[in-house]
Every structure is written in C-alpha cells, then in structure tokens.
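The values are calculated or read from the model by the stated rules, or taken from the named source; none is laboratory data. No experiment lies behind these values; they were computed from the predicted model shown. Glycine gets a Cβ as well: all are built from the backbone with ideal geometry, and neighbour counts include every protein chain shown.
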Amino acid sequence: MHILAINASPRKKGNTSTLIQAMLEGAASSGAETTEAYLHSLDMKGCMGCLSCRQTIGICAQKDELSPFLETVKTCDALIFGCPIYMYRVSGQMKLYVDRSYSLYTPAEGGGYNSAVPAGKRFALVVSQGATDPDQYHRSIRWLSGMAGTGHGMQEVGRIIHTSSNARPAAQNDALLEEARTIGRRLSGE
Ligand SMILES: Cc1cc2nc3c(=O)[nH]c(=O)nc-3n(C[C@H](O)[C@H](O)[C@H](O)COP(=O)(O)O)c2cc1C
C-alpha cells in the first residue's frame, strides 16, 4: 500500500502541511508506505499547452521535477490532495499540478475523457482557509475533488476543511489532527 500526498501549500509547517502529515502518520500506522510531493520546493513548470499528451497517451512532455510524481499517481494505491485557499481559489501550486495532470486524461472514443490512472484508488482532501464558513469555497473544492480525484475514477474517502473558526492553528487542534489520522488509516484500507 503506497500513499502519495500532493502538498500545494508553500508553508511546510502551516495548516495544510500539518494536516497532511497527520493523515500520512495515520496511513503509516496501518503499514502504508508514504510519499509527499511538496510542490513549492519542486523545480516545476505549468502545462506548456503542446498537446503532445493527446498523441503520446498519458505522458506529459514537460520534463521536470514533477514528472516522477505524475508517474506515481498512476502506480500508487491512494492519494491526498492538500492546498490552502488563495484569492477564493486553490493555490497557484495546485493549479499548476491540475493543469499538468491533463496529461493523465486520455481521449475517449466519441468524445470526452478516460484516464491513464487505473480506476478505484482512494483519495482524501485537505483544504485550509481563513474564512470561517467551511462551505464558502465549495465550488473550488468540488472542482479540486473532481479534477484531481473523481475524474480519474478515484473515490473520496474523507476531507478536512480547516477554517479560522477552528480558532487555533491545525497543529494545536488535537481533534482535527485525530480526524486526519483516522482518514489516513481509511486511505490505507482500514
Ligand atoms: C495570498 C493569500 C491569499 C489568501 N486568500 C484567501 C481567501 O481568498 N479566502 C480565505 O478564506 N483565506 C485566504 N487566505 C488565507 C489562507 O487560506 C489561510 O491562512 C490558510 O490557513 C493558509 O494555509 P497554510 O497554513 O497551509 O499555508 C489567503 C492567504 C494568502 C497568503
């Protein structure tokens, strides 16, 4: 069991990173092997719009430090997608990832898309925002869940939306950390 976390927060000790870490700890406690792609530290570019992935199915022609992680998305068993809300939307780092993951969508006969990612993987979301209403950015979160997860035939098994109404940083919120560990164990099949 291999779990890949795509971390799109630039803050290594921020709320998103803390909650992803707790999910990975929960997964590891169930015996999973874990990998974290910390996007902000990768030398990665956005999609260059070459559309070569429409010919060379499932392969992104942009070769950089994201490339091995796009391959791991295909081979791992479960994923975590985590990002803060910036300017009402997902962080720029997450948008770069989702654009590059266009290469994982494959053209379907008669139109529409299939996926180069084998169906049936589990995934979970971590979102952190300043606003107190956890539903405030539901459209952005639904977009992330769909584009990164369900669009590739994955099943969402949990999400944490950390808000400023949690009053404390995630690192000091024991209940939220425990919820994250529980989702991590669920990701690994418990
Ligand atoms: C550039 C920037 C834009 C932000 N925009 C929003 C926003 O539109 N809505 C919101 O609720 N919080 C916004 N925030 C607050 C962050 O989402 C919040 O502080 C979050 O907890 C940061 O996550 P992190 O600790 O993982 O870095 C913004 C923060 C920054 C730095």
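Of note:
- Scanning region 54-63 for residues that are exposed (fewer than 15 other Cβ atoms within 10 Å of the Cβ) and either among the polar types (S, T, N, Q) or not in a loop (DSSP other than H, G, I, E, B) (or both) yields R54, Q55, T56.
- One residue alone among M48, M23, M44 is over 29 Å from P169 (Cβ atoms) and either modelled with pLDDT under 95 or not β-branched (V, I, T) (or both), and that residue is M48.
- Filtering region 1-43 to residues that are part of a strand (DSSP E or B) and either touching a helix residue (DSSP H, G or I) at 6+ places or on another chain (Cβ under 8 Å) or within 15 Å of the ligand (Cβ to nearest atom) (or both) leaves H2, I3, L4, A5, I6, N7, T34, T35, E36, A37, Y38.
- Annotation note: of L66, L51, L79, the sole residue that is crowded, with 18+ Cβ neighbours inside 10 Å and over 19 Å from Q21 (Cα atoms) is L66.
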